[in-house]
Amino acid sequence: MAKKADEAFTPTGMVYKSTSLPKPTRKKHKTLGLKDEQLPEIFRNMYLQRRFEERAAQMYQKGKFGGFLHLYIGQEAVSAATVTVLNDDDDIISAYRVHGMALARGTSPGACMAELFGKATGCSKGKGGSMHFFDVERHFWGGHAIVGAHIPLGAGLAMANKYQKNGRVAICFFGDGAVDQGSLNETFNMAQLWKLPVIFVVENNGYSMGTAVERHSAGQLHKRGEAYDMKNGVANGMDFLSMVETLNDVVKEVRETNEPYFLEVKTYRYRGHSMSDPGNYRTKEELEEFRSFDPIERMKDYIIKEKVATKEQLDEIVEEVEQEVLDAIDFAENSDFPEESELFEHVYTQEDFPFHK
Amino acid sequence: MAEKQFRDAIREAMVEEMRKDDSIIIMGEEVAEYNGAYKVTQGMYDEFGGKRVIDTPISELGFAGIGVGAAMNGLRPIIEFMTFNFAVVGLDQIINNAAKIRYMSGGQISIPIVFRGPNASAGQLGATHSVAFESMYAHLPGLKVMYPSEPYDAKGMLKTAIRDNDPVIFLESEQMYGMKQEVPDEEYTIPLGVGKIKREGSDVTIVAHGKMYHIAQQAAKELAKDGIEAEIIDPRSMKPFDFKMVIESIKKTNRCVIVDESHPFAGMASEIGFIIQRDAFDYLDAPVQRVTIPDAPAPFAKNLFDLWLPDAKQVIDAVKTVTYRN
């Protein structure tokens with residue numbers, strides 16, 4: 001048996017440890033440029049992401065909609081910090097674990113839930129589904145489900161921004177599995193050569209589907225940037241203030257220098273890769289360890305400890321969010337499916353395209 | 001009107017459009033400092049500079065995708081592939097991103113991008129450098145596909161492609177770049193999806209696009225010596241395809257041969273043949289015939305390559321079959 005294990009090309013049994021997370025920042029929110037009144041709203045945003053997805057999972061299990069459902073639960077500090085630090089017209093693009101980022105950016109829970117349900121009122125008119133949320137008005141460019149395929153798109157968004165001299169930066173999120181794709185390496189090379197104002201962020205949640213990061217990627221992820229002379233670093237994605245601290249610096253630098261940056265965010269997803277994942281590749285202990293420093297609980301504790309708001313005030317927000325999510329479900333359920341004529345809509349911009357029959 | 005090479009016609013289309021619209025850029029391997037692997041982009045770097053004429057590394061997946069991203073966000077990129085055989089490396093960006101993002105976003109995004117470069121065989125280059133991809137691209141909703149056979153068409157069609165707000169696959173040929181034809185300096189465009197009857201005849205309709213159009217012309221000259229007058233239709237656009245022109249012609253000639261440099265299985269010729277049997281069944285006096293490359297990769301050896309590539313004799317044989325002269 002031991003011999004067999006020695007011979008394995010991809011040995012099993014590796015564990016993702018929370019000790020690999022950078023230490024959380026000790027700085028207070030005011031030092032990081034955040035005002036008191038922002039914090040309860042950020043808590044609301046993070047809790048909305050959490051509650052939305054917990055309810056979405058229930059709806060999925062009830063058979064209210066089909067397709068895949070990849071939950072972001074556990075990673076909400078990353079999206080919340082991103083929209084806090086970026087300007088509203090900076091461009092965000094992400095992968096298929098995308099509900100949290102859309103909600104963080106301000107896409108309404110109703111439009112998000114309706115998209116899951118495949119309704120015409122969804123944020124992609126019911127044509128994208130869970131993995132393809134888009135809200136271009138809010139500079140949210142999707143929602144992409146071929147692993148790594150949107151990394152060049154992120155650089156392309158940045159290229160157009162630089163060309164147009166509009167001062168916007170692009171931020172491109174992907175999972176640790178995407179680091180292994182050729183698209184990342186090709187894009188990094190060109191982004192650095194062409195000095196594109198783009199922040200590449202790998203949300204390293206420890207697993208590429210069911211394969212632990214040590215089993216699928218050689219070396220530390222952020223060091224892939226070194227090969228291209230790209231500035232890079234690591235951030236603690238389980239702590240909102242730590243994320244803000246890092247992003248403050250990174251966004252400022254990218255905006256000023258017009259050069260790319262590769263940020264590895266260490267985070268964790270509590271749920272499976274998708275709804276059909278029993279999670280046999282990790283232990284209960286590991287999951288509990290990460291849950292013990294849940295980003296939303298941490299935010300709540302911080303707000304109360306710093307006397308920015310009372311527990312009662314936060315409980316009120318929780319109640320409001322609960323209702324908001326229930327309203328989103330009602331909205332989705334009561335919305336119409338797309339008209340049949342929509343089948344051929346938006347294939348082309350050309351309105352009289354003669355479809356082949 | 002001056003005679004111009006195919007490569008000059010393509011360059012003129014790009015240069016004239018770039019002078020009018022600052023959002024147009026061109027990227028690809030060797031397009032700038034080297035002035036183009038086939039000299040299509042000669043002089044463009046000097047005129048427009050490195051902000052708009054951009055040399056890329058050999059990273060088809062990467063630069064195709066960066067082009068799509070830039071198109072989503074306000075630019076109108078022209079992506080040159082040194083050949084479409086290399087575009088295979090970047091297909092994910094064309095098939096999954098360029099063709100589908102508009103649809104998946106419910107129409108929030110448009111992707112005005114042209115992917116252009118030589119297609120199909122160019123002599124003895126071996127199997128990986130000799131594939132005709134028009135059938136494959138035309139198969140996919142979200143893409144438009146154009147394939148000019150002559151310099152005049154090339155200029156007018158490329159202008160249309162550049163101005164189009166959807167992704168366009170624009171196919172050329174190494175072996176046609178030096179071909180000359182009178183091309184006006186004045187502004188003109190050729191619409192998408194409109195073919196052209198390039199030789200009138202009453203005995204048989206030959207549908208032939210790209211390099212194969214010229215094979216069809218050679219065959220028609222020979223056939224005329226035997227008293228067979230072929231009508232040649234160059235469809236020019238592969239998608240959408242001008243089926244109406246083909247059907248109308250068959251109503252006159254009652255016979256049809258399709259010449260297609262694709263492989264036979266599920267190629268352009270198969271689809272054109274299907275539409276003809278459905279929409280012109282009652283007008284046909286003989287089963288439709290096709291001339292294609294075989295169901296085999298391109299060989300290197302000269303004798304095998306010549307056997308592999310369609311020639312005028314095969315077209316003549318096919319015409320004789322549909323006119324029952326064999």
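Near the amide H of residue B:256, within less than 5 Å, lie the amide hydrogens of B:205, B:289, all on another chain or at least 5 residues away, with H placed in the peptide plane.
Among residues other than residue A:233 whose Cβ falls under 9 Å from its Cβ, what is the net charge (Lys/Arg +1, Asp/Glu -1)? Display every interim value, and only then the final one.
Numbers: positive: A:231; negative: A:249, A:264.
That works out to -1.
Axis of helix B:312-322 versus longest Cα principal axis of chain B: the two differ by about 50°, to the nearest ten degrees.
Our coupling estimate for segment A:16-33, obtained by passing each phi through the Karplus curve with A = 6.51, B = -1.76, C = 1.60 and θ = phi - 60°, is 8, 10, 5, 5, 7, 6, x, 5, x, 5, 9, 6, 8, 4, 5, 4, 8, x Hz, Gly and Pro reported as x. Here's the list of aspartates and glutamates a cross-link from residue B:4 could span, going by alpha-carbon distance under 13 Å and ignoring same-chain residues fewer than 8 apart: B:12, B:150, B:153, B:182, B:185. For the pair segment A:197-234 / segment B:24-52, the C-alpha centres are spaced 34 Å from each other. Here the convex hull built on the C-alpha positions of chain B has a volume of 132 cubic angstrom per residue.
If you rank A:165, A:64 by fewest surrounding Cβ atoms within 10 Å, what's the result? Working shown, then result.
Working: A:165 8, A:64 16.
With the fewest neighbours first, A:165, A:64 line up as A:165, A:64.
According to the calculation over all Cα-Cα pairs in segment A:195-333, the P(r) per 10 Å bin from zero is 10, 27, 30, 26, 7, 0 %. Between helix B:211-225 and chain B there is an angle of about 30 degrees, using the helix long axis and the longest principal axis of the Cα atoms. Scanning residues 5 or more positions from residue A:14 or on other chains, none has an amide H under 5 Å from its amide H, with H placed 1.01 Å from N in the peptide plane.
Mind checking which of B:6, B:31, B:146 is farthest towards the positive end of segment B:3-182's charge dipole, using Cβ charges of +1 (Lys, Arg) and -1 (Asp, Glu) about the Cα centre? Among B:6, B:31, B:146, the one farthest towards the positive end of the dipole of segment B:3-182 is B:146.
Which of B:196/B:244; B:20/B:155; A:62/A:127; A:35/A:305; A:252/B:51; B:20/B:51 have a Cα-Cα distance over 18 Å? Walk me through the numbers on the way to the answer.
Numbers: B:196/B:244 11 Å; B:20/B:155 16 Å; A:62/A:127 21 Å; A:35/A:305 15 Å; A:252/B:51 24 Å; B:20/B:51 16 Å.
Over 18 Å apart, Cα to Cα: A:62/A:127; A:252/B:51.
Within the listed set A:84, A:25, A:257, the Gaussian network model of chain A (springs between alpha-carbon atoms below 10 Å) gives the highest mean-square fluctuation for A:257.
Order these peptides, B:220-228, B:156-164, by their mean beta-carbon neighbour count within 10 angstrom, highest first. Could the numbers behind the result be given before it?
Values: B:220-228: 15.0, B:156-164: 23.0.
In decreasing order of mean packing, B:220-228, B:156-164 become B:156-164, B:220-228.
For chain A, set up a GNM with springs between Cα atoms under 10 Å and report which of A:140, A:331, A:117 has the largest fluctuation. Its mean-square fluctuation being the largest, the pick is A:331.
Of B:84, A:337, A:240, the sequence from fewest to most neighbouring Cβ atoms within 10 angstrom is A:337, B:84, A:240. Taking the three principal axes of the alpha carbon atoms in segment B:196-322, the coordinate ranges are 43, 33, 24 Å, sorted in descending order. The HN-Hα couplings worked out from phi for segment B:155-171 by the Karplus form 6.51 cos²θ - 1.76 cosθ + 1.60 (θ = phi - 60°) are 5, x, 6, 5, 4, 4, 4, 5, 7, 5, 8, 10, x, 10, 8, 10, 9 Hz, whole numbers, x standing for Gly and Pro. Within the straight-line cut-off of under 19 Å between alpha carbons, the aspartates and glutamates reachable from residue A:28 are A:36, A:37, A:41, A:239, A:245, A:249, A:294, A:297, A:301, A:306, sequence neighbours fewer than 8 places apart in one chain being disregarded. Can you pull a Stokes-Einstein diffusion coefficient for segment A:246-316 at 20 °C (1.002 mPa s), Rh from Kirkwood over Cα pairs, as a whole number of µm²/s? D = 135 µm²/s. Compare the Cα positions of A:199, A:101, B:190 along the charge dipole of the protein assembly as shown (+1 at Cβ of Lys, Arg; -1 at Cβ of Asp, Glu; about the Cα centre) and return the one farthest towards the positive end. With unit charges placed on the Cβ atoms, the residue in question is A:199.
Amide H contacts under 5 Å for residue B:194: B:237, restricted to partners 5 or more places along the chain or on a different chain, H placed in the peptide plane at 1.01 Å from N.
Magnitude of the charge dipole for chain A, about its Cα centre and with charges confined to Cβ atoms of Lys, Arg (+1) and Asp, Glu (-1), is about 1140 debye. Across the options B:165, B:41, A:39, the greatest Cα extent toward the positive end of the charge dipole of the protein assembly as shown (unit charges at beta carbon of Lys, Arg, Asp, Glu) belongs to A:39. So, R0 is 25 Å and r is the distance between the beta-carbons of residue A:26 and residue A:252; what FRET efficiency does that work out to, to 0.05? Taking R0 as 25 Å, the efficiency between residue A:26 and residue A:252 is 0.75. By the compact-protein rule of thumb, 2.2 N^0.38 Å, the alpha-carbon radius of gyration of chain A corresponds to a ratio of 1.00. Computed over the protein assembly as shown, the range of Cα coordinates on each principal axis works out to 97, 62, 53 Å, biggest value leading. Taking A:68, A:134, A:174 as the candidate residues, the one with maximal mean-square fluctuation in a Gaussian network model of chain A, Cα springs under 10 Å, is A:68. All other residues whose Cβ lies under 10 angstrom from that of residue A:83 are scored, Lys and Arg at +1 and Asp and Glu at -1, for a net of 0. Taking 18 Å as the cut-off for C-alpha to C-alpha distance, list the pairs among A:162/A:195; B:144/B:252; B:198/B:221 that go past it. Checking Cα-Cα distances, B:144/B:252 exceed 18 Å. In this structure, residue A:41 and residue A:137 have a Cβ-Cβ separation that, at R0 = 22 Å, corresponds to a calculated FRET efficiency of about 0.60. The ranking of B:324, A:302, B:147, B:137 by Cβ neighbour count inside 10 Å, starting from the fewest, reads B:324, A:302, B:137, B:147.
We did not get these values from a lab; they are worked out from the coordinates using the rules stated. The model shown is predicted, which means the values in this text are computed figures rather than measured ones. Methodologically, a virtual Cβ is constructed for each residue, glycine included, from the backbone with ideal geometry; neighbour enumeration extends over all protein chains shown.
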